[in-house]
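The values are calculated or read from the model by the stated rules, or taken from the named source; none is laboratory data. Everything numeric in this text was worked out from a predicted model, so none of it was measured. Glycine also receives a Cβ, built like all others from the backbone with ideal geometry; neighbour counts cover every protein chain displayed.
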Amino acid sequence: MRSAHRTGAMPHCRPQARHLHGIGLTAAVLMAVTLATLASADSSDGLFPTADQVGGQVFPTGIKQGDAFPTDFKIYDDTGQATDLAQVIKDKRTLVTFFISAAPVSISELKKIQDTAKAARDTQVIFVNADTVGVALIGGQSKAISETARTVRVIRQEEKLEHAMFVAPNDALSPTGLSNRLGLRGLPTSYLVDKNGKVERVFVGPQAWKQGDL
Amino acid sequence: MTFSRRQYLRNTLGLGAAAALGGRHAVPSAFAAVHDASKESQYKLFEKFKGNVVLIPGKYSGTVSALDLSVPETLAWYNYGLAGVDMPIPHHIAAAPSADPYKSFDFYQTMQPPGSPYVNENSPEWRTRGDFKMFKMRYDGSGTQNSIQVVSDISAETGMALGVHVSIGVGPNARRYVAFADGQKDMVLITTLDDTPKIVKAFRVDYDPVARQINISHVFPDSSTGKFDYQGRKGMKTSHEAMLGEELMPADPTAVFVDAFTWHPDMPLGAILIRRQGCCAIVNTETWEPVALLSTAKGAPDNFPLVKQSGYTWTFSVPSVLTPLHEAGFLTNGKYFLACNNVLQNNIAVYRSEDPDPKKWKKEAFVEGFGNKYLPLHMGNVPDSRWAFFTIWARKPNNGYICKVDPKTWQMVAKWDTGPDPHTCDCTVDGQYITTVYSGNQGGQSGLVVIHADSDEIVARLPSPAGQHDHVVVPESWEGMKASRSTSV
């Protein structure tokens, strides 16, 4: 119904069937970042979270030095194959750098980190794209991982990157989404994780990397 | 009783045309620049809109159209591909006043690249398509063939290309300035209204996530060229404009998502709207200094403190952000500044904004009742400030709605589900009707809806293939601009 109605009742929504002719573009983009977490109610019914559900505010404290680094979120390698992050970093001191292909500053940071890491042979470096690209016009939701993996491969080639690269789908509107669990808001953000899985240091934003940082 | 030139034209045009045509079956000239619909059966429905020309940019059709709401018909349209833009995305729009919009008026159009949400923000193939642009445009209805033409490419003239809201100065800034903003570059540019615009002032806003501070800086053109070096994608922090909810998404660490500059109707003040950090920088438009940073969330202080000023950079402490916001603007009478908090809090903060010192502005109320599905988004005014209208947006599967708020009580008193993906509100020049557009999430149902502001009746619905994200009714005077898309967006 489209007629005016007084406050007191929520506006009448049209029958849902009208919205189900294909995946709407808005929903598709939001859902594109949620491939691994489609079960989350917040991504499927249009709800937005409260501050309490995402760390108390827009910029939560997140994972910090001394915390155990979570490895139970889904990641995919640069061919789009599901991968176990726990196995990737097991028993290895690892710099986990999250980036997003939409932010130029986080792309340019990857090469800087690679250059810095050459002097830190005992530290593994991995780059994780904390998002999936929009796929509304190129096949829809089912293409999210493969298209993002393809984008990651393009970045690898253009930036001449040698370290392993991954894709980690994120649902920013879900309390359990990757960015809300880790407190990621600005990318790049890098976590230096020791062999036991504890966070040694957190680097938020681009860094003036110097020897000894890793 | 005052009688405006617009009202005079409204009456005489109809009478003159009827007299000229004579009989019931007379056929008007095929080249009449304004169609006489007085013998057509829909006339009785639309004649009340005489004098209202509505500009509708088609976000994914690449066009802008001028619509005579009283026929209704499209008077003229223009595709920005003609200006050399590959896949143009006409985004936001503002019109300068015209006593006779059927004859001529100027307007401003911003444009952003298609690497935006809704399409494909990141894939490599899309990185070079489209462009950031600001155009000054002119409608010419003085002859037998109406037309819309580019007057100037403001981005080329100034060297700075911004793609989101545009707003024209009012009150003490009337006839002087136009402001452009962009949340991918976090910049604001103020220029003169000239056909060859002059740079007046530019701002850049950056967040320091470690210090939890916002830096607001003046930026200056190159002294040798007199222009900035921010055309095209230069200066871009992120490859797409953040859609609603993306304030929580990881992004460039300095990103604040500047969205618009809105003008106080009576005082030399304007507001830079900062989405991600949920605040509004109030700027003195005589000195162009940011004089207060309002923190609009419920539970937040009225403003964030200035920590230091270093040269042309003002640093404010932002220790906590309880919610992002989207738009914010002034009621037509300037007594209140209203901010659409959304995502984590969905409410509208009401500041009293009469004191010349914005640091003394206090939150007096909140419009509430939107739940956690419906996000206050855009704001629309009427000339006498008897109502304020808001777009309340929702993600699918919800449509969102338009609501009417009583400024005496700050309560919602009516709401309308006008269609999926509702966007901006404006009003007819007499303030009797509200116009609003819905865009069908850039690919589905879209149209223009007209609502009687007092009876709450939807009185017209017009189709549009354009998926419009914005629209504006051409104001009739500089005083009328105060209820247009200048004080609010």
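What are the residue pairs meeting all of these: first residue in region B:308-319, first residue of a type in the set (Phe, Trp, Tyr), second residue in a loop (DSSP other than H, G, I, E, B), Cβ atoms under 7 Å, and 6 or more apart or on different chains?
Within 7 Å, the pairs are B:316/B:305.
If you go through region B:438-486, how many residues are within 18 Å of residue B:390 (Cβ to Cβ) and more than 20 Å from the chain's Cα centre (by Cα)?
Within region B:438-486, residues that are within 18 Å of residue B:390 (Cβ to Cβ) and more than 20 Å from the chain's Cα centre (by Cα) number 4.
Under the condition of being hydrophobic (A, V, I, L, M, F, W, C) and assigned to a strand (DSSP E or B), which residue from region B:205-246 is farthest from the other protein chains (Cβ to nearest Cβ)?
Applying the filter and picking the extreme gives B:216.
Looking at region A:113-130 only, could you name the residues that are buried (at least 16 other Cβ atoms within 10 Å of the Cβ) and part of a helix (DSSP H, G or I)?
A:113, A:114, A:116, A:117
Taking region B:454-480, which residues are away from chain A (no Cβ under 11 Å) and of a type in the set (Gly, Ala, Ser)?
Listed by number, the residues that qualify are B:460, B:464, B:466, B:477, B:480.
Could you please find all residues in region A:70-129 being without any contact (Cβ under 8 Å) to a residue 12 or more places away in the chain and aliphatic (A, V, I, L, M)?
A:82
Return yes or no: is residue A:213 under 10 Å from the mean Cα position of the chain (by Cα) and in a loop (DSSP other than H, G, I, E, B)?
Considered against the rule, which asks whether it is under 10 Å from the mean Cα position of the chain (by Cα) and in a loop (DSSP other than H, G, I, E, B), residue A:213 comes out as no.
Please determine, by comparing only the residues of region B:281-299 that are small (Gly, Ala, Ser) and part of a loop (DSSP other than H, G, I, E, B), which one is farthest from residue B:266 (Cα to Cα).
B:299
Checking the structure you have, find out if any residue of region A:137-159 is closer than 22 Å to residue A:84 by Cα, assigned to a loop (DSSP other than H, G, I, E, B) and in contact (Cβ under 8 Å) with a residue 60 or more places away in the chain.
No, because not a single residue in region A:137-159 is closer than 22 Å to residue A:84 by Cα, assigned to a loop (DSSP other than H, G, I, E, B) and in contact (Cβ under 8 Å) with a residue 60 or more places away in the chain.
Can you tell me how many residues in region A:48-69 are assigned to a loop (DSSP other than H, G, I, E, B) and free of Cβ contacts under 8 Å to residues at least 12 places away in the same chain?
3
Which pairs do you get when a residue that is more than 11 Å from chain A (Cβ to nearest Cβ), found in region B:406-419, comes within reach of a residue that is surrounded by fewer than 21 Cβ atoms within 10 Å (Cβ to Cβ) and not in a loop (DSSP other than H, G, I, E, B), reach meaning Cβ atoms under 6 angstrom, with the pair 6+ apart or on two chains?
From residues that are more than 11 Å from chain A (Cβ to nearest Cβ), the pairs are B:410/B:365.
Where in region B:422-481 are the strands (runs of 3 or more DSSP E), entirely inside, with at least 1 residues that are crowded, with 21+ Cβ neighbours inside 10 Å and in contact with an Asp or Glu (Cβ under 9 Å, 6 or more places away or on another chain)?
B:422-427, B:433-438, B:447-452
Just the residues that are within 23 Å of residue A:86 (Cα to Cα) and under 21 Å from the mean Cα position of the chain (by Cα), please, taken from region A:186-199.
A:187, A:188, A:189, A:190, A:191, A:192, A:193, A:197, A:198, A:199
Can you find, within region B:454-479, the residue that is modelled with the lowest pLDDT among those that are of a type in the set (A, V, I, L, M) and touching a Gly at 6+ places or on another chain (Cβ under 7 Å)?
B:466
Kindly indicate whether any position in region A:92-104 is of a type in the set (Ser, Thr, Tyr), out of contact with any Cys (no Cβ under 7 Å at 6 or more places or on another chain), outside any strand (DSSP E or B) and surrounded by fewer than 19 Cβ atoms within 10 Å (Cβ to Cβ).
No: region A:92-104 contains no residue that is of a type in the set (Ser, Thr, Tyr), out of contact with any Cys (no Cβ under 7 Å at 6 or more places or on another chain), outside any strand (DSSP E or B) and surrounded by fewer than 19 Cβ atoms within 10 Å (Cβ to Cβ).
Under 6 Å between Cβ atoms, at least 6 apart or on separate chains: pull out the pairs that start in region B:156-184 with a residue that is farther than 23 Å from residue B:83 by Cα and end on any residue that is modelled with pLDDT under 95.
Qualifying pairs under 6 Å: B:183/B:241.
Could you tell me which residue of region A:144-168 is surrounded by the most Cβ atoms within 10 Å (Cβ to Cβ), considering only residues that are at the interface with chain B (Cβ under 10 Å from one of its Cβ atoms) and charged (D, E, K, R)?
Step by step, filter region A:144-168, then rank; the result is A:147.
In region A:95-139, which residue that is under 27 Å from residue A:212 (Cβ atoms) and hydroxyl-bearing (Ser, Thr, Tyr) is nearest to the other protein chains (Cβ to nearest Cβ)?
A:106
Right, residue B:202: crowded, with 24+ Cβ neighbours inside 10 Å and part of a strand (DSSP E or B) or not?
Answer is no for this residue.
Can you pull out the residues in region A:169-205 that are surrounded by fewer than 24 Cβ atoms within 10 Å (Cβ to Cβ), within 9 Å of chain B (Cβ to nearest Cβ) and part of a helix (DSSP H, G or I)?
Result: A:180, single match.
Within region B:170-199, take every residue that is buried (at least 24 other Cβ atoms within 10 Å of the Cβ) and among the small types (Gly, Ala, Ser) and give me the one that is farthest from the other protein chains (Cβ to nearest Cβ).
B:179
Applying the selection to region B:386-405, what residues are part of a loop (DSSP other than H, G, I, E, B) and either within 18 Å of residue B:483 (Cα to Cα) or away from chain A (no Cβ under 14 Å) (or both)?
Across region B:386-405, the qualifying residues are B:386, B:387.
Conditions tested, residue by residue: (1) within 14 Å of chain A (Cβ to nearest Cβ); (2) surrounded by 23 or more Cβ atoms within 10 Å (Cβ to Cβ); (3) touching a residue at least 12 places away in the same chain (Cβ under 8 Å).
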| site | (1), (2), (3) |
| --- | --- |
| B:248 | yes, yes, yes |
| B:270 | no, yes, yes |
| B:283 | no, yes, yes |
| B:289 | no, no, yes |
| B:325 | yes, yes, yes |
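Does residue B:56 satisfy being buried (at least 23 other Cβ atoms within 10 Å of the Cβ), closer than 26 Å to residue B:199 by Cβ and at pLDDT 95 or above?
Spelling it out, it is not the case that residue B:56 is buried (at least 23 other Cβ atoms within 10 Å of the Cβ), closer than 26 Å to residue B:199 by Cβ and at pLDDT 95 or above.
Anything in region B:382-415 that is of a type in the set (Phe, Trp, Tyr) and out of contact with any Gly (no Cβ under 6 Å at 6 or more places or on another chain)? List them, or say none.
Selection gives B:387, B:390, B:401, B:410.
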